[in-house]
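Below: one structure, written as structure tokens.
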Amino acid sequence: MAVVKLSTSGLSNFAKYSSMLAGNAKYRIPGVAGYAAGGYSSGYVSTVDKFAFPSDSKSTLATGLSAGTNDPGGMYNQNVAGYSGGGDSGSATAVVDKFTFPADTRTTLGTGLSVARLSPTGFSNSGTAGYIAGGGGGTVVDKFAFPTDSRTTLGTGLSVGRSALCGFSNTDVAGYAAGGSGFSAVVDKFAFPSDSRTTLATGLSSARLGTAGMSNQTVAGYAAGGYTGSRVTTVDKFAFPSDTRTTLGTGLSSARMYIAGFSNSAVAGYSAGGSAAPVTSAVDKFAFPADTRTTLGTGLTAAIEGPTGFQDAA
């Protein structure tokens with residue numbers, strides 16, 4: 001078999017055009033599936049529902065979380081594994097469960113979070129590291145380096161201690177932690193690979209907790225729903241790389257908080273479950289780039305508040 005060697009200039013051009021294609025939704029490969037894990041529904045839930053792309057057909061994993069857990073934080077390593085970390089299992093937990101793709105087999109990391117905490121969030125620099133941020137009103141951000149899952153804790157954490165916040169990511173560029181307890185509108189940005197933190201001049205359109213994060217890779221991040229003193233349908237959109245914020249004309253199909261968010265690469269973002277007085281099993285889908293909303297015919301296995309989301313993304 002012939003071996004093709006690329007010159008230095010050829011490698012440079014390959015990297016340049018690969019980068020161009022990565023920034024063009026037309027040429028991106030869709031993801032495989034999105035997951036909604038854990039939560040609370042008349043008790044702590046260990047269920048993990050899986051939505052296969054592009055049909056959005058739902059199945060439920062035979063093996064769920066290692067324990068029923070409300071409001072953990074989710075992160076993922078594309079094509080490799082999804083993670084659920086921290087949350088409430090009757091008390092604050094430091095457990096991090098890992099679901100290896102494509103079989104969705106579960107293991108539990110030998111090293112969990114640096115401290116047990118309630119209602120953290122997660123974001124990812126996929127292929128490099130995942131992050132579990134905040135929770136329990138703290139500022140701690142733990143980093144799990146892929147593929148070994150070794151944990152370190154960032155020297156600079158959140159700008160303000162908070163829980164019940166949401167996370168989203170700009171692939172290879174930055175991770176974001178938005179909103180949270182104390183009715184915060186703050187959006188912190190962690191630049192990859194240095195993990196240096198800045199705080200956006202423009203935060204959420206309203207201070208709130210219990211939002212869901214979604215990402216359209218290299219294009220925009222979203223913070224959906226939440227609680228401002230009452231539940232809201234609001235979906236804020238932060239355009240990359242400027243991080244300018246707009247608010248979608250069409251929000252969630254119902255006002256709710258404590259929602260799971262997951263994404264299908266450059267195709268769509270999803271907001272699943274949540275407390276909507278009563279708790280709901282609904283899954284809303286926002287098609288990129290128009291952000292038009294539909295609601296899936298099949299929602300979660302049960303009405304659940306406080307699940308987390310992660311994805312097997314391309």
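Since every read-out is calculated from the coordinates, none of them should be taken as a lab result. Remember, predicted model here, so these are calculated numbers, not experimental data. Every residue, glycine among them, receives a Cβ derived from its backbone with ideal geometry; neighbour counts consider all protein chains shown.
General observations
- Residues whose amide H comes within less than 5 Å of that of A185, counting only those at least five positions distant or on another chain, are R208 (H built at 1.01 Å from N in the peptide plane).
- Local charge for N77 was computed over the other residues whose Cβ lies under 11 Å away, with Lys and Arg +1 and Asp and Glu -1, and equals -1.
- A Förster distance of 22 Å, applied to the separation of the beta-carbon atoms of T108 and N79, puts the FRET efficiency at 0.55.
- Whether the stretch 191-314 is rounded, prolate or oblate, judged on the alpha carbon gyration tensor where a/c under 1.5 counts as rounded: prolate
- Amide H contacts of F240 (H built 1.01 Å from N, in plane; Pro and chain starts excluded): A220, G221 sit under 5 Å, all sequence-distant by 5 or more or on other chains.
- Between 0 and 90 degrees, the angle of helix 8-22 with respect to the longest Cα principal axis of the chain falls at about 30 degrees.
- Estimated FRET transfer efficiency when R0 is 22 angstrom, pair A207-V115 (beta carbons, to 0.05): 0.30
- Note on the chain: with a GNM built from Cα contacts shorter than 10 Å, the maximum mean-square fluctuation among G249, G299, G43 falls on G249.
- Surface/4 estimate of mean projected area, convex hull on alpha-carbon atoms of the chain, nm²: 16.4
- Cut-off under 5 Å, modelled amide H: who pairs with G122 long-range: G74, A133, G167
- L158 sits among other residues whose Cβ lies under 9 Å from its own Cβ, and their net charge, with Lys and Arg +1 and Asp and Glu -1, is +1.
- When only the Cβ of Lys, Arg, Asp and Glu is charged (+1, +1, -1, -1), the dipole of the chain relative to its Cα centre reaches about 420 debye.
- Part-to-part distance (alpha-carbon centres) for the stretch 231-261 and the stretch 52-128, which is given in Å: 23
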